[in-house]
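The values are calculated or read from the model by the stated rules, or taken from the named source; none is laboratory data. On a predicted model such as this, the values are computed, not experimentally measured, just so you know. Glycine gets a Cβ as well: all are built from the backbone with ideal geometry, and neighbour counts include every protein chain shown.
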Amino acid sequence: MKVLVNFGGLPILFRTLKRKEFEFEFCGCTVRELIDELVSQYGEPFKKAVLDNEGDVDVEIRILHNDTYLMEDRMGTSLEEGDFLAFRGACLG
């Protein structure tokens, strides 16, 4: 499956990814499988920037799936061909 991912909201990843947005092809159909594949390809710097100690997306990161922010079961969210996912740092105010 191929999805469009955007990490523009996480500038720390620019050094690792060398780009803010790109199409990413992976074998799977959930956010967890996508992230596992990204960790496999980009290694420990990606893992430390996105995941917490339990292996879930860090609570300070927001995931926009198409036009909706994921609030519950973020890692289990199903994906479809051509979906858009944006990863953003949480804004505290």
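The single condition from (1) more than 17 Å from V3 (Cβ to Cβ); (2) loosely packed, with under 14 Cβ neighbours inside 10 Å; (3) at pLDDT 95 or above that G82 fails is (1). Residue count for the stretch 35-73 satisfying the condition of being over 13 Å from the mean Cα position of the chain (by Cα) and surrounded by 14 or more Cβ atoms within 10 Å (Cβ to Cβ): 1. Within the option set G76, G9, G43, being on the phi > 0 side of the Ramachandran plot and among the small types (G, A, S) holds for one residue only, G43. Considering only residues in the stretch 1-34 that are assigned to a loop (DSSP other than H, G, I, E, B) and at pLDDT 90 or above, the one that is surrounded by the fewest Cβ atoms within 10 Å (Cβ to Cβ) turns out to be C27.
What tally of residues in the stretch 40-67 results from selecting those that are within 18 Å of F84 (Cα to Cα) and part of a helix (DSSP H, G or I)? Of the residues in that region, 1 qualify. The condition of being surrounded by 13 or more Cβ atoms within 10 Å (Cβ to Cβ) and part of a loop (DSSP other than H, G, I, E, B) does not hold for G76.
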